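This report refers to the structure that appears directly beneath it.
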Amino acid sequence: MASTAPPAWRRTSLYERHVAAGARVVEFGGFEMAVQYPGGVRAEHMAVREGCGVFDVSHMGEIETEGPGALELLQRLLSNDVARMGVGGAQYALMCREDGGVLDDLFTYRLGEERFLTVTNAANHARDLEWFRAHAGGFEVEVRDRREQYAMLAVQGPRARGIVGGLSEGPLPPRMHTAEAAIAGVRALVCGTGYTGEDGVELLCAPERAGPLWDALIEHGAVPAGLGARDTLRLEACFCLYGNELTPARDPIEAGLGWCCKEDTQFIGAHVVRASRAQGPRALLVALLVEGPGIPRAGNPVVGGGVVSSGTLSPCLDRGIALAYVPPERAAVGTRLQIDVRGKMRPATVHSKPFVSKRAPKQSQ
């Protein structure tokens, strides 16, 4: 008889702290993750927009590539021009199939001339690692799974750099750069990246040291924030989420991510991306602002053609917002459309990206 026991979800090294703080925990990417704390998603969201929030994103995966062929391998796997990234640099890219479908969106940090660390989305980590290893043949490179070696904290908001900088032994790296530093006495890789539309850093450290680092950040003013606020923040910033905006059924041009695709590097799928860019995509990802009541959700149809990929109530705008794929002829800013939200027609207008423009850095996962 088949077992009916629930699956054994993994836990980050900060799980007990989340539970002690009263967090509501849900499964995400195979992990038990804090979705919100007692104050609620809106309070956490506004803490990031107005001050500083800290997220446990230790469910993310890490892959290290090292050796004389590391750069050449990553040029083949990743859509951006990895050669343009100097030591201490950070770069966003996509990983595509031969048919141009997106397998994942990734951030890569160059830790040395021949050493790179790539951060994967949680649910895709095992598949990404297998893809890296399957294509490493013929390259003088070692591909290592580093998921167990890192915890990851995202410290985001207008006060984030001030709080982290006050705990650091030296200056923080600028946006889209990375450096090692001691933060509150904890050795960490400090990365000038994030997924909220705000300034801030992401900190990678040994899992057993994440607790003291988390405690120090909160003691100095960072507000714990969960996956709920992370989603509303990234939607206001119009950042893609893998599994919603990005899937193997969509190519980078459709998703509006042609800026991080450099076809001349001949990455896997580059010929399809080049053709989509030249011929025009089948659909385009647009931002939709609902004109009245109603909160769109993923899967809601756009009347006349199109579908919502993500939607929420914007805490900053107090309006329903969405990202949706629509035919190119309906994608111009200002175009009025209707979304079928559970049988009710909700008027919406194609909005410029992002919805909230305080700082709109290039996205992370």
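How many residues does the range 231-272 hold that are part of a helix (DSSP H, G or I) and in contact with a strand residue (DSSP E or B) (Cβ under 7 Å, 6 or more places away or on another chain)?
5
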*If you go through the range 43-61 one residue at a time, how many are more than 20 Å from the chain's Cα centre (by Cα), outside any loop (DSSP other than H, G, I, E, B) and not acidic (D, E)?*
1
*Please determine, by comparing only the residues of the range 216-249 that are in contact (Cβ under 8 Å) with a residue 60 or more places away in the chain and among the charged types (D, E, K, R), which one is most open to solvent (accessible area, probe 1.4 Å).*
D231
*Just one of the numbered conditions (1) in contact with a strand residue (DSSP E or B) (Cβ under 6 Å, 6 or more places away or on another chain); (2) hydrophobic (A, V, I, L, M, F, W, C); (3) open to solvent by 10 Å² or more (accessible area, probe 1.4 Å) is not true of L71; which one?*
(1)
_Looking only at the range 307-321, how many residues end up being within 19 Å of S357 (Cβ to Cβ) and either of a type in the set (K, R) or without any contact (Cβ under 8 Å) to a residue 40 or more places away in the chain (or both)?_
3
*So which of L129, L189, L203, L172 is surrounded by 22 or more Cβ atoms within 10 Å (Cβ to Cβ) and modelled with pLDDT of 95 or more?*
L203
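Evaluate the following for P212: is it surrounded by fewer than 24 Cβ atoms within 10 Å (Cβ to Cβ), closer than 25 Å to L94 by Cβ and in contact (Cβ under 8 Å) with a residue 12 or more places away in the chain? Please lay out each step first, then the result.
Numbers: surrounded by fewer than 24 Cβ atoms within 10 Å (Cβ to Cβ): yes; closer than 25 Å to L94 by Cβ: no; in contact (Cβ under 8 Å) with a residue 12 or more places away in the chain: yes.
Taking the combined requirement at face value, the residue does not satisfy it.
Run down A83, A151, A134 and say which single residue is open to solvent by less than 60 Å² (accessible area, probe 1.4 Å) and over 19 Å from the mean Cα position of the chain (by Cα). Break it down into steps so the answer makes sense when it comes.
Numbers: A151 fails: over 19 Å from the mean Cα position of the chain (by Cα); A134 fails: open to solvent by less than 60 Å² (accessible area, probe 1.4 Å).
So the residue among A83, A151, A134 that is open to solvent by less than 60 Å² (accessible area, probe 1.4 Å) and over 19 Å from the mean Cα position of the chain (by Cα) is A83.
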*Spot the failing condition for G320; the list is (1) open to solvent by 40 Å² or more (accessible area, probe 1.4 Å); (2) more than 15 Å from C240 (Cα to Cα), and only one is missed.*
(1)
*If we keep just the residues of the range 257-287 that are on the phi > 0 side of the Ramachandran plot and in contact (Cβ under 8 Å) with a residue 60 or more places away in the chain, which is surrounded by the most Cβ atoms within 10 Å (Cβ to Cβ)?*
G269
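The values are calculated or read from the model by the stated rules, or taken from the named source; none is laboratory data. Worth saying up front: this structure is predicted, and the values here are computed from it rather than measured. Note: ideal-geometry Cβ built from the backbone for every residue, glycine included; neighbour counts use all protein chains shown. Just so you know, the surface numbers come from the protein's heavy atoms only, side chains and all, with ligands and any DNA or RNA stripped out. Shrake-Rupley method; radii C 1.70, N 1.55, O 1.52, S 1.80 Å.
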